[in-house]
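Written out below as structure tokens is the structure these notes cover.
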Amino acid sequence: MRKFLKEMGGGFYSLVLGMRITLEQFFKPTVTVHYPHESLKMAPRFRGHIELVRDPKTGKAICFACKVCEKACPSDCILVEGAKKEGEKRKSVTEFKLDFTKCSLCGSCVEACKSNALQFSREYNLASTRKEDFIMDLFKRLEAERVAAEPQPAASTPAEQPKPKPEPAAAQPKTEAP
Amino acid sequence: MSLFELLRMLVYVVGVMAFVGLNAAYLVWAERKAAGRFQRRPGPTEVGYAGLLQPIADGIKLLSKQLIVPDGADAMLFRAAPLLVMMPAMMCLAVVPFSETLVGRNINVGLVFVFAFGTINVMAVMLSGWASRNKYAIISAARIVSQDVAYEIPMLLVVITLLMVTGTMNLHDIVEQQAGWFWHWNLFRLDVNPLMPVTFIIYFICMLAETNRAPFDMAEAESELVAGAFTEYAGMGFGVFFMAEYANVVVGCSMATVLFLGGWQSPFGVWPGVVWFLLKMYALVFTVIWVRWTFPRTQFYRLLNLSWKFLIPVSLFVLILTAAMMKVLRA
């Protein structure tokens, strides 16, 4: 009988304790991020789809279309085309097609790139209803960004420096890794 | 019957139905909000200010859906079950005294009336499980019957204890007896029964079990039985069950307020009675929600053990103790 009462008392006490804990949580502020209205900042090592790295000096892509990434890609989703322009020492990229529907984000291309011309973007809002949206030309994207960034500060390059979205050099995963 | 009496009846019928509907809609909202807060989430926020229009949006969605009667189901019972669940809850509210004057019908067997109709709920949910012709629904129906039979007994034993203290079944008179400061409430009537708070807790536990609320929601244990007896119901058929659950919670909490917490009697004497009644009732409803989001679902045999091995012996003991003390002290 005594054991029975003790068990019941102990059980009831634990129930009350549980209810106290939940009530404490009830009055604490919420921790939800209201996603479409606000979103979290992605960590620097977040692996989104790949993007071309801009040369901070010229503002153009570092990539010179060596096609190592194309060969490294296990899912065959990269297609690079380059051309040698008049008066330039080496080739420069003219087309960088990424078929994101096939990409598995393995990062082999970024690893294979010897001149650090590729990096992971931090973009994650990639939902779309059309397949075509995921077959993207990274070179055209980069150029469009550059054109959009250019007109405002006329010719002064230092002012343009902070404009590009991926911070130059420092943001590259390879240099950042310990 | 005079025209006034007819009009009054009409107003009360519409009023009770509106009260049930509004409560069902906004208790769902309150439950979702509270569930969110207990888990450090904000709950619904998008539809209207603080998600206040969410229940209306949900209602429109449910209403626009087709009511499907599965092949081989007992169509008539299948369609009747939601109504049978809803009806007793509304009937019960007709005799609940919200304040001194605000009561649908003040009958002198109000207590029996409420508990008699409250039991129909069990049969209706069982019928819905039976009529669905679905194995999960059948299991759920069997569970509901054994669970509610088990919990009906301690609940009624507690009510009998109360009945011995009050000496009347008229809900209005029961509240009248508890007038004055809060130590006149039946909850604190330690002179007739030193275990009165325990009695209240037993009542509350039984009420949770009778209304199939967590941690006693074996009837619709999602992880085991899909949605239990409501598995086959689509659209508003399901919606009515959902509303009935909240209507039953409201009835149960109203009865707890009337029987234990002094109904419309105020502890200090400010504000009209109906405010106090609703305040006490919604505090209990909040506790019901609070319990649901604190405790996990129990196992079925534990549920029955709790009733048969603990609640029934204790409530019997309380009954005998009260009887003895009343005989000794008031001889």
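Some notes on this structure:
Residue-wise test of (1) more than 14 Å from chain A (Cβ to nearest Cβ); (2) surrounded by 15 or more Cβ atoms within 10 Å (Cβ to Cβ); (3) under 20 Å from the mean Cα position of the chain (by Cα); (4) not small (G, A, S).
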{"residue": "B:V270", "(1), (2), (3), (4)": "yes, no, no, yes"}
{"residue": "B:W276", "(1), (2), (3), (4)": "yes, yes, yes, yes"}
{"residue": "B:V285", "(1), (2), (3), (4)": "yes, yes, yes, yes"}
{"residue": "B:R302", "(1), (2), (3), (4)": "no, no, no, yes"}
{"residue": "B:F310", "(1), (2), (3), (4)": "no, yes, no, yes"}
{"residue": "B:L319", "(1), (2), (3), (4)": "yes, yes, no, yes"}
{"residue": "B:L329", "(1), (2), (3), (4)": "yes, no, no, yes"}
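- Applying the set (1) surrounded by fewer than 21 Cβ atoms within 10 Å (Cβ to Cβ); (2) touching a Phe, Trp or Tyr at 6+ places or on another chain (Cβ under 9 Å); (3) in contact (Cβ under 8 Å) with a residue 12 or more places away in the chain to B:F295 leaves exactly one unmet item: (2).
- Residue selected from the range A:1-51 under the condition touching a Pro at 6+ places or on another chain (Cβ under 9 Å) and more than 10 Å from every other protein chain (Cβ to nearest Cβ), by the criterion surrounded by the fewest Cβ atoms within 10 Å (Cβ to Cβ): A:R45
- For the range A:113-132, a residue qualifies if it is loosely packed, with under 13 Cβ neighbours inside 10 Å, under 24 Å from A:K41 (Cβ atoms) and either in contact with a His (Cβ under 9 Å, 6 or more places away or on another chain) or acidic (D, E) (or both), and the qualifying residues are A:E123, A:L126.
- Total residues in the range B:28-54, condition more than 13 Å from every other protein chain (Cβ to nearest Cβ), part of a helix (DSSP H, G or I) and touching a Pro at 6+ places or on another chain (Cβ under 9 Å): 4
- Within the range A:47-62, considering residues that are in contact with an Asp or Glu (Cβ under 9 Å, 6 or more places away or on another chain) and part of a loop (DSSP other than H, G, I, E, B), the one farthest from A:E111 (Cα to Cα): A:G59
- Qualifying residue in the range A:24-42 (condition: outside the structural domain of A:F139 (by TED's automatic domain parsing), among the aliphatic types (A, V, I, L, M), in contact (Cβ under 8 Å) with a residue 60 or more places away in the chain and not in a strand (DSSP E or B)): yes
- Criterion (touching a residue at least 40 places away in the same chain (Cβ under 8 Å), in a loop (DSSP other than H, G, I, E, B) and either in contact with a Leu (Cβ under 8 Å, 6 or more places away or on another chain) or surrounded by fewer than 17 Cβ atoms within 10 Å (Cβ to Cβ) (or both)) met by exactly one of B:L67, B:L77, B:L84: B:L67
The values are calculated or read from the model by the stated rules, or taken from the named source; none is laboratory data. Note that the structure is predicted; figures quoted are calculated from it, not measured. Glycine gets a Cβ as well: all are built from the backbone with ideal geometry, and neighbour counts include every protein chain shown.
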